[in-house]
Ligand SMILES: C[S@@+](CC[C@H](N)C(=O)[O-])C[C@H]1O[C@@H](n2cnc3c(N)ncnc32)[C@H](O)[C@@H]1O
């Protein structure tokens, strides 16, 4: 773990492989985005995940599918309305979203997947197995903690069309960082989105008030051991998290409860999760 209290990229990247396998297993992804590491981890952890779920811990597959489907839903609504034509997915890992949305929306959308260099290399190799990238789909190196320089978000957004709306997406990232680091990330995102006529940010977040109960503490501890660092539950309530987003520079912020979207999220094993929220924060306009 670094001084700032967050887990290093090398220790959290196994979770990206695990998630990549879960998405593919449920038909949300392409087999080319599955890695041997992801498959092995899934089978290794499967008994513990099942026992944990039965004891009241979050069903991990339900959490992963709930957050992914709700972000997909919100993003596709914004793209289809024309409010968003550019997406930057930060810490994309092995997410299929860039590939899927680029296929679906073709030249209506610019999709940039960003991650640290080791992961982007894996991602480019995996996507190449599917076929050539769509013309407006890119995979770039980016450090979410960099304020400036070639791998910063500031440098990346300077290459986008300043007259069009932009969405930033992160998934499975925030709870591996301490609160100061998270607030720094949010400040960078709000600043970057503020350059555009419409700017919106979607991300999953776990609240401590919704991550309590029998089995949950053990789950969080096990996950912390697995990623060799602390998993942080920074905010107790949705109100606290929204306030922190506004203090970081967003003009409006709310934490969506996936259960309010159950009818639109489709079948999810063990149901829509009550253990995860989706941040929807605007930096400008009404995206
Ligand atoms: C837990 S994985 C999540 C990946 C994917 N979004 C998902 O839901 O499975 C975390 C990802 O964050 C990336 N990451 C870690 N630190 C980062 C940083 N400072 N900037 C950008 N990406 C980072 C890792 O390389 C990894 O792909």
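Examine region 130-152 for a residue that is touching a residue at least 60 places away in the same chain (Cβ under 8 Å) and surrounded by 18 or more Cβ atoms within 10 Å (Cβ to Cβ), and state whether such a residue exists. No, the conditions are met nowhere in region 130-152. Considering only region 269-287, state which residues are over 20 Å from residue 209 (Cβ atoms) and at pLDDT 95 or above. If the condition is that a residue be over 20 Å from residue 209 (Cβ atoms) and at pLDDT 95 or above, then 282, 283 are the ones that fit. Scanning region 105-129 for residues that are in contact (Cβ under 8 Å) with a residue 24 or more places away in the chain, closer than 18 Å to residue 32 by Cα and in a helix (DSSP H, G or I) gives 118, 119, 122, 123, 126, 127, 129.
Here residue 102 passes the criteria (1) within 18 Å of the chain's Cα centre (by Cα); (2) surrounded by fewer than 18 Cβ atoms within 10 Å (Cβ to Cβ); (3) away from the ligand (no atom under 16 Å from the Cβ) except the one numbered (2).
Among the residues of region 118-161, the one identified as on the phi > 0 side of the Ramachandran plot and more than 15 Å from the ligand (Cβ to nearest atom) is 131. The condition (being in a strand (DSSP E or B), at pLDDT 95 or above and surrounded by fewer than 20 Cβ atoms within 10 Å (Cβ to Cβ)) is satisfied by just one residue among 242, 262, 254: 254. Taking residue 50, is it buried (at least 18 other Cβ atoms within 10 Å of the Cβ) and more than 19 Å from the chain's Cα centre (by Cα)? Spelling it out, it is not the case that residue 50 is buried (at least 18 other Cβ atoms within 10 Å of the Cβ) and more than 19 Å from the chain's Cα centre (by Cα).
The values are calculated or read from the model by the stated rules, or taken from the named source; none is laboratory data. Since this is a predicted model, take the numbers as computed values, not measurements. All Cβ positions, glycine included, derive from the backbone under ideal geometry; neighbour counts span all protein chains shown.
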